[in-house]
1. Please find the FRET efficiency linking residue 335 to residue 50, where r is the Cβ-Cβ separation and R0 is fixed at 41 Å, and quote it to the nearest 0.05.
2. Starting at 0 and stepping by 5 Å, how many percent of the alpha carbon pairs of segment 25-97 end up in each bin?
3. What number does the chain give for Rg over Rh if you use C-alpha atoms and the Kirkwood radius?
4. Over the chain, what is the mean sequence separation of C-alpha contacts under 8 Å (at least six apart), divided by residue count, expressed as relative contact order in percent?
5. For segment 270-417, what is the percent of antiparallel DSSP beta bridges, rounded to the nearest 5?
6. If segment 124-180 were replaced by its equivalent ellipsoid, with semi-axes equal to the square roots of 5 times the Cα gyration tensor eigenvalues, what would those be, largest first, whole Å?
7. Given a cut-off of under 8 Å on Cα pairs at least six residues apart, what relative contact order in percent is computed for segment 1-128?
8. Using alpha carbon coordinates only, what is the Rg to Rh ratio of segment 265-414, with Rh defined as the Kirkwood radius?
């Protein structure tokens, strides 16, 4: 206070302050930094509340806008203003009590928020806890810019090469540490869950659709019902608004029943959806794509043999390849004692027994396209997917990584009935 009074006496025409906004942050005493953060949090609370209202009509777009844009705003502030964890509590509360329930369309249990804060690839929704992220962000930023700070404070000439290497090394180490921490958290959380779907999705790397920009041109935009139903399947919940009875067989209706009942129509719709999605992508990469090709004509009253898709040139430029799809509800009671790799491998062997000889007679190849309802692929489906990615990358002259995201999103998103 004495220094402030002296400054006012020496500079009577200058407004003397103890803190000031600088480069998007605030420099000054801790109390005034906290007040600055509090004012920013109040605006973000209003933004999150507005997003929660919008989520009732467009949950997918809201989720993408929040995870890819809005929550990145306080991520920056946390790098340039140290601490202030308590000031982020109102933001955390608004996210957990308003936004997350609005996106999912249901009440969210308190223990679910820890799961949802994980990256999508580890079973979460990437809806981060702003209190937790504020703890480490500033320390990482200080370490990354330490050589720059030393140069400014000591007057020593800055070696830009060393500075850039320090930034690169620090950020890489921070990413690795966060990946390890997230993986450990994911393992603990998933082991405690009473349902197997999230663990199957994580092991099968079937979460790309959650991170995709919902563009209509790429057929990646889902209706509110489709998006919330997919999240319900992901987290072992029955979707809201289900009828009491199945209109196909008259039995009590549930998500598990819908994925098993051959008479209700959901099973066939799920099968046809993934078949048509794969066929559409195959037409972009190869020639001679046919849906429901006849592999063997019927004889003496016996039915013929029909595959789902025929494509020319997948494995061999001069040979046709036949594919047949099967979408499996791995949570059916008949699979309760078996893990996904065993379930998928058994289904693939059944397809090979049915189609291999007919394919051989046609001098062609056959591959089963087996996936779970959540989009987890059998190894032969994954091999076809890699071939598709390579063919499209070559044809479009684009990096495989860019094509892979689009193909995997279309595949995993298209498998949910």
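1. Working from the Cβ atoms, E equals 0.40.
2. Whole-percent P(r) values from 0 Å outward: 3, 16, 26, 23, 14, 9, 5, 2, 0.
3. 1.09
4. Once divided by the residue count of the chain, the mean separation gives 12 percent.
5. Here the share of antiparallel DSSP bridges comes out near 60 percent.
6. Three semi-axes, in Å: 28, 13, 7.
7. Relative contact order, segment 1-128: 23 percent.
8. With Rg and the Kirkwood Rh in hand, the quotient comes to 0.97.
Coordinate-derived values only; no laboratory data. This is a predicted model, so every value here is computed, not measured. Every residue, glycine among them, receives a Cβ derived from its backbone with ideal geometry; neighbour counts consider all protein chains shown.
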